Amino acid sequence: MFARIASVNAKRAFARSASTASTPALNNIRSSWKTLAQEEKAKIYNKIVEAQKGDWKALSLDQKQAAYWLAFGPHGLRKAPLEKGDGIKIFNGVVAVLAISTGLFYLIRQAGQPAPHTLTKEWQEATNERMKEQKANPLTGITSEGYKGSGFVHLPQDQ
């Protein structure tokens, strides 16, 4: 019973302190947030988080606005809108990444082995003949009646 009374009294005291804890920093949190030190930002954030754990009806209007702004404002993961010149930085970054990846692709292709001998046109034509000899896929494939496809030849005609 004493624990319950102590718990109720603690909640009331916390609600009273939460309602009177409207510091000047909370009044203009939007304009002063950028200029605050990291310690002050952490202190204000922790104070708002603790105040929200109590009764929301006991929060002052400044605390409610600060809690909303801290949750959804343009800071932290939600950065402020792009400023002038940010678009060019982003464009240059994308172009740089594409250039680096194209260069790496080219270097890897140069260092790689040549194409396998099974990709030559002669090999693919020989595969067509072998499949015709074995009567492979007689319903829709290379040995079917009226087949007009190229079979296993996948290279352009000029190679």
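The values are calculated or read from the model by the stated rules, or taken from the named source; none is laboratory data. What you are looking at is a predicted structure, and each value in this text was computed from that prediction instead of being measured. Methodologically, a virtual Cβ is constructed for each residue, glycine included, from the backbone with ideal geometry; neighbour enumeration extends over all protein chains shown. Just the protein is used for accessible areas: all its heavy atoms, side chains included, with ligands, DNA and RNA removed. Shrake-Rupley method; radii C 1.70, N 1.55, O 1.52, S 1.80 Å.
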Check every one of the helices (runs of 4 or more DSSP H) wholly within the range 42-159 and list those with 2 or more residues that are more than 18 Å from residue 26 (Cβ to Cβ) and more than 31 Å from the chain's Cα centre (by Cα). 86-111, 121-134
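Okay, residues lined up against (1) β-branched (Val, Ile, Thr); (2) open to solvent by 100 Å² or more (accessible area, probe 1.4 Å); (3) out of contact with any Lys or Arg (no Cβ under 7 Å at 6 or more places or on another chain):
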site	(1), (2), (3)
88	yes, yes, yes
95	yes, no, yes
108	yes, yes, yes
111	no, no, yes
121	no, no, yes
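Looking at 22, 31 in this structure, which one is outside any helix (DSSP H, G or I), among the small types (Gly, Ala, Ser) and either closer than 15 Å to residue 68 by Cβ or at pLDDT below 85 (or both)? Break it down into steps so the answer makes sense when it comes.
Numbers: 31 fails: outside any helix (DSSP H, G or I).
It is 22.
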